[in-house]
Each structure stands twice: as structure tokens, then as C-alpha cells.
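The values are calculated or read from the model by the stated rules, or taken from the named source; none is laboratory data. Computed from a predicted structure; not experimentally measured. Glycine also receives a Cβ, built like all others from the backbone with ideal geometry; neighbour counts cover every protein chain displayed. Note: areas computed on protein heavy atoms with side chains; ligands, DNA, RNA excluded. Shrake-Rupley method; radii C 1.70, N 1.55, O 1.52, S 1.80 Å.
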Amino acid sequence: KLGLDIMECLYIGISDGAHPWRKARVDLQGALSVAPRAADKAVTAIGTSGQSVTLTVPAAGAGQYHYICSVQMTKYATSAITGNATPITVTTTNLPGSMAYTFETAQAVGTNSTRNNDYGLPLKSVTANLATTVVCPSVTNSLWRVTVTYYAAL
């Protein structure tokens, strides 16, 4: 089954009924494309040492979802951090499976621990017109920086 939809009046997409994220697009100039759409929005949150950080991707608008292209997180050690048995977990809301990311606990002063998650096919938010968040916990002697690239569409 094939379905047609209009995405932000920029192109017409022909999609597989079972996998609507698989789209062939025709832009206003008539060019056919099957590559994933590029992110046209980004949000960054930067914390202070020892504080939690919540990055919020604002609600996309009526009937619109977030399509997350990348999530990049960096934990910078402002002082030496002694490791322990419990990993540091960054959590999310409004993403499939309540995605979470794990960071090590031990870290030398002045170093970065980074997770770059570039998704070949964007992650579609679970609920339309609802904020999506990335929540970094409070970690002693650590400073968080988080960036999400995305686009909004039906």
C-alpha cells in the first residue's frame, strides 16, 4: 500500500504504508530523492559544574512530530572524578523506548567523555506536538553540554 502526504508544503512524499519513514520525495522543482531529510533545527543546553542539565526540544506544533537526526552529549571533568560501580545514565522523554545513554564514572580532570549519536534514519518522537527532552543527571565535578539536531514534520 502506498500513501501520499504533504510535508510542510516543501515536497510530496510517497511512503511505504507499513514503514511510513521510508519515503521517496519530490521537491517543488521535480527532483526525486530517497535520502533522509536534513535537520534544519538544533537545540543546545550547557550546564555548570555539578548541576543536572535538561535539554528541551520544544513542541513541534499541531500534528507535527520531532524527527531527531543526532544527539551529542559531552561530560567535561572540572576536577578528577573517582569511579564507582554505578554508571551515569542520561535519560530521554518522547523518544522510542525511552532511550538512555550510559557514561563512565571515572574521569581525569580536563577531559571530555562524549557520545555522538548520528542516526542514519531520523528517530520519530512518540507523541506529536509534545516536547522531547534529554536529561543529564547531576554529577559532582562534571559539566554537561548536549546538542540535538532535528526537523519537525507530520
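Looking across segment 58-73, the residues that are within 9 Å of the chain's Cα centre (by Cα) and farther than 13 Å from Ala128 by Cβ come down to Ile68, Cys69, Ser70, Val71, Gln72.
Checking each residue in segment 131-146 for being of a type in the set (S, T, N, Q) and farther than 17 Å from Ala60 by Cα picks out Ser138, Thr140, Asn141, Ser142. Of the residues examined, Thr89 is not one that is touching a Gly at 6+ places or on another chain (Cβ under 7 Å) and either farther than 21 Å from Ala39 by Cβ or at pLDDT 95 or above (or both). For the criterion of being of a type in the set (D, E, K, R), modelled with pLDDT under 95 and not in a loop (DSSP other than H, G, I, E, B), Arg25 passes. Number of residues in segment 97-113 that are of a type in the set (Ser, Thr, Tyr), surrounded by fewer than 15 Cβ atoms within 10 Å (Cβ to Cβ) and within 20 Å of Tyr67 (Cβ to Cβ) equals 1. Among residues of segment 137-150 that are within 22 Å of Leu95 (Cα to Cα), those with a beta-carbon under 6 Å from a residue that is among the small types (Gly, Ala, Ser) and open to solvent by less than 20 Å² (accessible area, probe 1.4 Å) at least six positions away or on a different chain give the pairs Trp144/Gly47; Val146/Ala45; Thr149/Ser70.
From the list Asn116, Asn94, Asn129, the one residue that fits, being closer than 21 Å to Lys41 by Cα, within 18 Å of the chain's Cα centre (by Cα) and exposed (fewer than 13 other Cβ atoms within 10 Å of the Cβ), is Asn116. For segment 64-89, the tally of residues that are in contact with a Cys (Cβ under 9 Å, 6 or more places away or on another chain) and closer than 22 Å to Tyr151 by Cβ stands at 1. Among the residues of segment 41-88, those that are open to solvent by 60 Å² or more (accessible area, probe 1.4 Å) and without any contact (Cβ under 8 Å) to a residue 60 or more places away in the chain comprise Thr82, Asn84, Ala85, Thr86, Pro87.
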